[in-house]
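Q: Here it is, the structure in full.
The values are calculated or read from the model by the stated rules, or taken from the named source; none is laboratory data. All figures in this text were calculated on a predicted structure; none of them were measured in a lab. Quick reminder, even Gly has a Cβ in these numbers, built from the backbone with ideal geometry, and neighbours come from all protein chains shown.
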Amino acid sequence: MSQESGFRFTRHYTREEARTLLPRIRGWLKRLRELQPLLRHHGDNVERLLKHGRDAGGPEVDHWMRNLTRVAALGREFEQREIQLKDLDRGLVDFPAILAGREVFLCWEEGEEDIDYWHELDGGFAGRSAF
């Protein structure tokens, strides 16, 4: 279905399609969490270099840029599939779907075994309903 049909998203998932992506999503979340402290560390170091008027080139910037590129690539994994990463710390992910003719999100939180919940596009986590 397309945006021309009145939907916000061009890609919609069935529960089964979303389920098959969960192993990959778990891996992406894990990798993003591993990269967060590295980005902070190298970003802080680059900021200190600049603050003291030093050259910001060299290995510190290389490490920082390499990790930024990795984060961006992981972000594209979600973006290309129109999957919404709502909260990295919680591992909260929404998949656009059609349910009873309405566009909704299939809602999954890391630690849940399956995709057992959905909510309206503007409903958020608090508005989750079980299947």
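Q: Which residue is nearest to R15 (Cα to Cα), if the candidates are limited to the range 114-126 and must be surrounded by 14 or more Cβ atoms within 10 Å (Cβ to Cβ) and not aromatic (F, W, Y)?
A: The residue in question is I115.
Q: Quick one: E110 ticks every box in (1) touching a residue at least 40 places away in the same chain (Cβ under 8 Å); (2) among the charged types (D, E, K, R); (3) under 16 Å from Y13 (Cα atoms) bar one, so which box is it?
A: Result: E110 fails condition (3) only.
Q: Shifting gears a bit: Just to be sure, is R11 part of a helix (DSSP H, G or I) and either among the hydroxyl-bearing types (S, T, Y) or at pLDDT 95 or above (or both)?
A: Spelling it out, it is not the case that R11 is part of a helix (DSSP H, G or I) and either among the hydroxyl-bearing types (S, T, Y) or at pLDDT 95 or above (or both).
Q: Check G101, G53, G75, G6 and return the single one that is farther than 30 Å from D116 by Cα, surrounded by fewer than 16 Cβ atoms within 10 Å (Cβ to Cβ) and not β-branched (V, I, T).
A: When all the criteria are applied, what remains is G53.
Q: Here is a further query. Quick check on the range 24-37. Is at least one of its residues within 23 Å of E120 (Cα to Cα) and surrounded by 16 or more Cβ atoms within 10 Å (Cβ to Cβ)?
A: Within the range 24-37, one or more residues are within 23 Å of E120 (Cα to Cα) and surrounded by 16 or more Cβ atoms within 10 Å (Cβ to Cβ).
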